[in-house]
Amino acid sequence: MQKKDLTCPPFDIVHDYPEYQNIVVMWTENEQRFTKVIFYSQLSSLNPDTMLEEIKSFIP
């Protein structure tokens, strides 16, 4: 997966780490920086077309 395939609002940064089987997302809210690690096993699919919507569901 390419970084450009994943990065989109509300996320500032999305990094895919296949070697660790996780995705790290970072975003800013009210001038605070947040980071969330989501493991591949938590996702129903690794399809970039649907992955971002699923990742958004992990963000409070």
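The values are calculated or read from the model by the stated rules, or taken from the named source; none is laboratory data. What you see is a predicted model; the values in this text were computed from it and never measured. Every residue, glycine as well, gets a Cβ built from its backbone with ideal geometry; the counts of neighbours run over all protein chains shown.
Are there any pairs with C-beta distances below 6 angstrom linking a residue in region 42-58 that is free of Cβ contacts under 8 Å to residues at least 40 places away in the same chain to a residue that is of a type in the set (Asp, Glu) and in a helix (DSSP H, G or I), with the two at least 6 apart or on different chains, and if so which?
Here the result reads Leu43/Glu54, each pair linking region 42-58 to a residue that is of a type in the set (Asp, Glu) and in a helix (DSSP H, G or I).
Give the number of residues within region 27-60 that are assigned to a strand (DSSP E or B) and acidic (Asp, Glu). Full working, then the answer.
At the first step, the residues of region 27-60 found to be assigned to a strand (DSSP E or B) are 27-29, 32-39.
The next check asks that each one be acidic (Asp, Glu); those that pass are 29.
Selection size over region 27-60: 1.
Exposed (fewer than 12 other Cβ atoms within 10 Å of the Cβ) and modelled with pLDDT of 90 or more: which single residue out of Ser57, Ser41, Ser45 fits that description?
Checking each option against the conditions leaves just Ser41.
Just a yes or no: is a residue in region 4-13 in a helix (DSSP H, G or I), at pLDDT 85 or above and β-branched (Val, Ile, Thr)?
no
Counting only residues that are over 12 Å from Ile55 (Cα atoms) and of a type in the set (Val, Ile, Thr), how many does region 15-41 have?
The total comes to 2.
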